[in-house]
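Here's the structure we're looking at; comments come further down.
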Amino acid sequence: MSDAHPSTPVDELRAAVLRAAAELGATPKASPTLERPKQASHGDYATNAAMLLAGALKAPPREVAGRLADAIAVELGEDLDRAEIAGPGFINLFLTDRWHAHALADVLAAGDDFGRVAADAPGRHVVNVEFVSANPTGPVHVGGSRNAAYGDALARMLSFLGHDVHREYYVNDFGSQIVKLGESVQARARGEEVPEGGYQGSYVQEIADALPGAAEGDLAEVSQQAVALMVERVRASLAAFRVEFDTWFSEKSLHDVDPRTGVSRVRHAFDVLEEQGRTYRHEGALWLRTTAFGDDKDRVLERSTGDHTYFASDIAYHQDKRERGFDRMLDVWGADHHGYMPRMHAAYEALGGAKGELELLIMQFVHLVSGSERASMSKRSGEFVTLDELVAEIGVDAARWFLLARSHDTTMDLDLDLARSESSENPVYYVQYAHARIASIMRRSEVTPDPVVLPGAELHPSERALIQALLAFGPAVADAADKRSPHRLVTYVLDLAQTFTAFYRDCPIIGDPAEEFRVALAGATQHVLATGLDLLGIGAPEEM
């Protein structure tokens with residue numbers, strides 16, 4: 001989605017490689033790679049451009065690599081120390097200290113815009129990210145906490161990359177589960193056991209105590225009052241977790257008649273489908289031809305009794321999103337929704353939506369582990385760990401870090417003992433400590449940071465590695481956002497902190513002849529660490 005980025009030193013390096021290729025009179029058959037080799041002895045960056053040109057030039061790749069290396073040397077001039085040919089035709093580029101110094105200067109000059117894409121950049125989308133969306137029949141539990149951290153981090157990254165992002169919570173306040181909640185509250189208000197299939201948690205008693213007259217009140221009214229209280233509780237829990245929503249969308253509103261049109265949004269969606277010839281009646285029920293779009297069978301929208309299925313609400317909801325102008329919709333769903341995906345994609349296309357506009361992202365389960373114990377989570381039995389309890393146990397920063405540290409499509413164990421620890425073994429503590437250490441350096445140094453005042457000697461390999469790590473920030477954010485994988489940014493931030501730690505070990509700063517340069521490098525690192533942590537919704541403390 002994010003296909004436009006401001007020019008960076010690495011972009012300019014890639015452009016130089018392409019200009020050099022053009023000098024040879026050929027165009028690569030694919031976009032050449034430009035990557036940092038795993039071993040520093042293999043250069044600062046390596047490209048496979050020669051191998052992509054070999055066919056067009058009708059010459060062996062290593063021969064083409066030699067010619068291309070000469071052309072690249074002309075393009076880069078003083079910025080290139082040397083180019084070496086490796087393996088079947090890779091070109092390893094060794095860049096000068098001058099190139100690294102100017103690259104660092106570019107990072108500092110970009111300031112808050114470093115790695116960011118302008119809001120008016122090509123490829124910008126109006127994106128709806130709908131996440132958490134748990135039934136309002138209990139507090140947010142740990143499973144919902146993972147959805148919250150994931151959806152929020154994804155929204156933050158997409159905004160950073162120039163997209164117009166709208167965060168939305170879909171409140172499932174319509175259906176049998178809401179009736180069960182009302183019945184459970186009324187039972188508790190009367191001092192009775194909740195009915196079979198009801199909700200057992202202590203929060204049910206808290207709701208009953210907060211609703212005078214709940215014992216004998218109208219069930220539908222008590223149910224909606226209970227929902228309102230739970231939504232406020234959920235809203236407060238998520239806000240404390242640094243998650244805010246632009247819209248809390250009521251499922252019930254989809255079934256309410258709009259006084260302007262005289263029909264509900266569900267009925268409006270049915271009309272849209274009928275106009276496109278996508279529905280039919282069979283045995284008194286209304287069916288959607290989802291098989292026309294790859295589903296294994298057609299689906300019922302309205303039963304012969306006139307009752308609407310849950311699927312009908314989802315279709316109306318996504319039609320409403322389309323009409324609100326979103327051209328990308330990202331739905332973050334729980335693991336139990338995997339089998340629901342084909343019919344939802346089919347319904348979206350039946351409404352007239354294009355493939356690729358709707359993305360259904362399935363979250364896997366998270367287990368809390370302390371020692372050898374695992375906590376179970378069940379809203380009905382009341383035996384579950386809430387988001388509030390998790391935050392009280394390990395804090396917001398650790399909770400968000402660990403919930404984001406693994407790919408969303410894999411089940412994960414959250415080690416509470418590790419998350420609590422204040423040691424270098426705890427990755428979030430390690431990264432935050434690196435940021436705080438730099439803040440201390442910046443307070444103590446009395447020099448004016450200057451990225452182009454190079455040390456008398458050559459740059460230390462750890463200095464070069466840290467500059468290259470900083471330059472990888474923008475691509476890391478874009479990669480994490482485009483692949484819907486915030487854990488990739490977690491990995492980048494940890495790697496950057498580790499690279500800084502190696503630099504701090506190898507390169508004295510305060511009082512060193514290279515202090516001006518190294519303070520500039522440390523300051524740039526502090527800024528990128530803080531920005532990366534903020535995109536993950538994690539604090540960057542100045543002191544620890």
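The values are calculated or read from the model by the stated rules, or taken from the named source; none is laboratory data. A quick note: this is a predicted structure, and the numbers were derived from the prediction, not measured. Note that we place each Cβ from the backbone using ideal geometry, even for glycine, and neighbour counts take in every protein chain shown. We work out accessible area using only protein heavy atoms, side chains counted, and drop any ligands, DNA or RNA first. Shrake-Rupley method; radii C 1.70, N 1.55, O 1.52, S 1.80 Å.
Counting Lys and Arg as +1 and Asp and Glu as -1, what is the net charge of the other residues whose Cβ lies under 14 Å from the Cβ of Glu221?
In short, -3.
Using alpha carbons only, how many angstrom separate the centre of the range 479-544 from the centre of the range 143-159?
So the separation of the two Cα centres works out to 22 Å.
Applying a 10 Å radius around every beta-carbon, put 72-82, 356-366 in order of their mean neighbour count, most first.
For the peptides 72-82, 356-366, the packing ranking is 356-366, 72-82.
In deg cm²/dmol, rounded to 500, what helix-only [θ] at 222 nm does the chain give when every DSSP H run of at least 4 residues adds -39500 (n - 2.57) and the total is split over its residues?
It lands at -15000 deg cm²/dmol.
Rounded to the nearest 5, what % of DSSP beta bridges with both residues in the chain are antiparallel? Spell out each step's value before the answer.
Numbers: 23 of 45 bridges.
Once the DSSP bridges in the chain are tallied, antiparallel ones form about 50 percent.
Counting only Cα, what are the radius of gyration and maximum Cα-Cα distance Dmax of the range 79-148, in Å?
23.2, 65
What number, in nm² with one decimal, is the all-direction average of the projected area of the convex hull of the alpha-carbon atoms of the range 392-474?
Numbers: hull surface 34.2 nm².
About 8.5 nm², averaged over all directions.
Helix 515-535 sits at what angle to the longest principal axis of the chain, using alpha carbons and giving 0 to 90 degrees rounded to 10?
Rounded to the nearest ten degrees, it is 20.
Measuring from centroid to centroid over Cα atoms, what is the spacing of the range 338-366 and the range 165-191 in Å?
That distance is 25 Å.
Tally Lys and Arg at +1 and Asp and Glu at -1 over the other residues with C-beta under 13 Å from the C-beta of Thr448: what net charge comes out?
-3
If only Cα atoms are counted, what is the Rg of the chain, and what is its Dmax, in Å?
Expressed in Å, the Cα Rg and Dmax of the chain come to 28.2, 89.
How much of the accessible area of the chain, in percent, comes from carbon and sulfur atoms when a 1.4 Å probe is used?
Heavy-atom surface of the chain belonging to carbon and sulfur, 1.4 Å probe: 49 percent.
Using the alpha carbon gyration tensor of the range 289-443, what are the three equivalent-ellipsoid semi-axes (square root of 5 times each eigenvalue), largest first, in whole Å?
Each semi-axis is the square root of five times an eigenvalue, giving 41, 21, 13 Å.
Could you report the chain's accessible area per residue, 1.4 Å probe, as an integer in Å²?
On a per-residue basis, 44 Å².
Which order do peptides 367-374, 210-217 fall in by mean Cβ count within 10 Å, highest first?
Ranking the peptides 367-374, 210-217 by packing returns 210-217, 367-374.
Given the pairs Lys29/Lys483; Lys252/Lys355; Lys58/Lys355, which are separated by over 31 angstrom at their Cα positions?
Numbers: Lys29/Lys483 25 Å; Lys252/Lys355 28 Å; Lys58/Lys355 40 Å.
Among Lys29/Lys483; Lys252/Lys355; Lys58/Lys355, the Cα-Cα distance tops 31 Å for Lys58/Lys355.
Please compute the contact order of the range 186-281 in relative form: average sequence separation of alpha-carbon pairs under 8 Å and at least six residues apart, divided by the residue count, as a percent.
16 percent
Could you tell me the relative contact order of the range 1-129? Use alpha-carbon pairs under 8 Å, at least six residues apart, and round to a whole percent.
Dividing the mean separation by the residue count of the range 1-129 yields 28 percent.
Regarding the range 452-492, what's the average projected area of the Cα-atom convex hull, expressed in nm²?
Values: hull surface 13.6 nm².
That works out to 3.4 nm², a quarter of the Cα hull's surface.
Work through the residues other than Ala16 whose Cβ is under 9 Å from its Cβ and net out their charges, Lys, Arg +1 and Asp, Glu -1.
Working: positive: Arg14, Arg19; negative: Glu12, Glu75, Asp79.
Overall, the nearby charge balance is -1.
Taking every DSSP beta bridge that has both residues in the range 249-405, what percent is antiparallel when rounded to the nearest 5?
Here the antiparallel bridges make up roughly 70 percent for the range 249-405.
By how many degrees, between 0 and 90 and to the nearest 10, does the Cα long axis of helix 176-189 differ from the longest principal axis of the chain?
It works out to around 70 degrees.
As I understand it, the value is the acute angle between the Cα axis of helix 341-350 and the longest principal axis of the Cα atoms of the chain; what does it come to in degrees, rounded to 10?
Long axis of 341-350 versus the principal axis of the chain: about 90 degrees.
From Cα pairs below 8 angstrom and at least 6 apart in sequence, can you work out the relative contact order of the range 394-439, rounded to a whole percent?
After rounding, I find 36 percent.
Ordered by packing density, taken as the mean number of other Cβ atoms within 10 Å over each peptide's residues, highest first, how do 472-481, 58-67 rank?
472-481, 58-67
To the nearest Å, what is the center-to-center distance of the range 197-235 and the range 34-103, using C-alpha atoms only?
What the calculation gives is 67 Å, centre to centre.
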